[in-house]
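Readers should treat all values here as calculations from the given coordinates under stated rules, not as data from a laboratory. Just so it is clear, the model here is predicted, and its values are computed rather than measured. Positions of Cβ are backbone-derived with ideal geometry, glycine not excepted, and every protein chain shown enters the neighbour counts.
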Amino acid sequence: MLAVPYGRSSKVNQPFNALHGLATLATSGTERYVSDLDQLTQSLARNLKRWRGERGFTLDALAARAGVSRGMIIQIEQARTNPSVGTTVKLADALGISITTLLDEEQTTRVRLVTPEQAVRMWSTGAGGHATLHVGTENAGPLELWSWLLMPGDSRTSDPHPSGTVELLRVTHGELTLVVDGTEYRVPAGTAVTFEGDVRHTYANEGPEPMEMTMAVSVPPTRSVPHAR
């Protein structure tokens, strides 16, 4: 089976600060900040605490599920730190929600339009590659729609996602080198891929031109823990 990983990859070939990346929007080749970084930090703090409570997870339980320290979760819930994108992804996966839900101020309307200016650029590389999260939903489990650009030499590796996660993608330009659980696949423009995302996987551009693709990620819902406090 051909494969392609998550826009939610936890590693990229250069470091970055998550909330700065999450707050940066793509606008016609330029970048601007979504309202205010502090506002985004507050939204993350509020939503993490709310969803942890709805799932019935103690701090220790969420820390164990997500592989994130208890102290880090406390700092995030108190809006005292800007976590990495990898940490944000782990927390969203552990809670069984999309990254957009974890970051959004509110999701109350039945119809939601997301303009190009509102799409969240999750990460970028020095060469110009980047991934943008366009929209997400919680109906029947988290579902996210992404667009990716990998410049020649760019690569991104993702740790395994929760069992039942499915990723679908279609390369629109260039060629993607996809490695799923140690097996390499070449995915040229026009080819679509689907695979189960519960194994380690890497997206890379080993070709001479930029690689562009559209990706959808479906994550199974997480059950609440009864009687937990």
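Once the Cβ-Cβ distance of Gln42 and Gln118 is raised to the sixth power relative to R0 = 25 Å, the FRET efficiency obtained is 0.85. For the pair Thr214 and Thr58, a Förster radius of 25 Å applied to the C-beta separation gives a FRET efficiency near 0.05, rounded to the nearest 0.05. Between Ile74 and Asp181, what's the calculated FRET efficiency when r is the beta-carbon distance and R0 is 41 Å? Round to 0.05. According to the calculation, E is roughly 0.75. When restricted to Cα atoms, segment 116-190 yields an Rg and a Dmax of 13.6, 37 Å, respectively.
If we count every other residue with Cβ under 15 angstrom of Glu175's Cβ, Lys/Arg +1 and Asp/Glu -1, where does the sum land? Mind dumping the intermediate values first?
Values: positive: Arg170, Arg186; negative: Asp154, Glu184, Glu206, Glu209, Glu212.
With Lys, Arg at +1 and Asp, Glu at -1, the net is -3.
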